[in-house]
Amino acid sequence: MPTEVIRQWIDAQPEGKLIKTRDVVHLVPLDRASRVLARLAKHGKLMHVARGIYVAVKISRFGPAPPPVNKVMDSLANITGQAIVRHGAAAANALGLTTQVAMSTNASLMRVDQRMY
């Protein structure tokens, strides 16, 4: 069954890795891959991040828990080729300038220039 094959493949992926529909086409055809990933998200095995992009969640005794935000952001930076930087209170806290903790994570995307001057 394609769902079990994809589920085993997802379990073998590192925590926080973004799973795209194109990543599982070597296991099942593309039209089935999108349906299986959507079904796994509906049942709580995956979390929908963006169109065609999912991330695996861990099942704890309290229910599904998403991976750490920094791991997901690193994976997104690898996929898009853009640098993702924190700003606002989260950046100030990471630099040790304040003890204020941001309630939400704010980030900005920056295109990484390939040429160094």
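With contacts taken as Cα pairs under 8 Å and at least 6 residues apart, the chain reaches a relative contact order of 19 percent. Given the alternatives (1) 13.9; (2) 15.6; (3) 16.0, Kirkwood radius over Cα pairs in Å as computed for this entry is given by (3). To test your reading of the geometry: what angle, between 0 and 90 degrees and rounded to tens, separates the Cα axis of helix 30-42 from the longest principal axis of the chain? Taking the Cα atoms of the chain, the angle to 30-42 is about 70 degrees.
If each DSSP helix of 4+ residues adds -39,500 (n - 2.57) and the sum is divided by the residues in the chain, what number results at 222 nm, nearest 500 deg cm²/dmol?
Result for the chain: -10500 deg cm²/dmol, rounded to the nearest 500.
For the range 2-65, the relative contact order works out to 31 percent when only alpha carbon pairs closer than 8 Å and six or more residues apart are counted.
Multiplying the residue separation of Ala94 and Met1 by 0.36 nm and subtracting their alpha-carbon distance yields 29.0 nm. Taken about its Cα centre, the chain carries a charge dipole of roughly 280 debye when the Cβ of each Lys and Arg holds +1 and the Cβ of each Asp and Glu holds -1.
Calculate how steeply helix 2-11 sits against the longest principal axis of the alpha-carbon atoms of the chain, using the helix alpha-carbon long axis, and give the answer as 0 to 90 degrees to the nearest 10. Helix 2-11 and the main axis of the chain meet at about 30 degrees. Taken along the Cα-to-beta-carbon direction at a fixed 7 Å, the label points for Leu30 and His48 span 2.0 nm.
Each reported figure results from applying straightforward, stated rules to the coordinates on display, with no laboratory input. A quick note: this is a predicted structure, and the numbers were derived from the prediction, not measured. Reconstructed Cβ throughout: ideal geometry from the backbone, glycine too, with neighbour counts over all protein chains shown.
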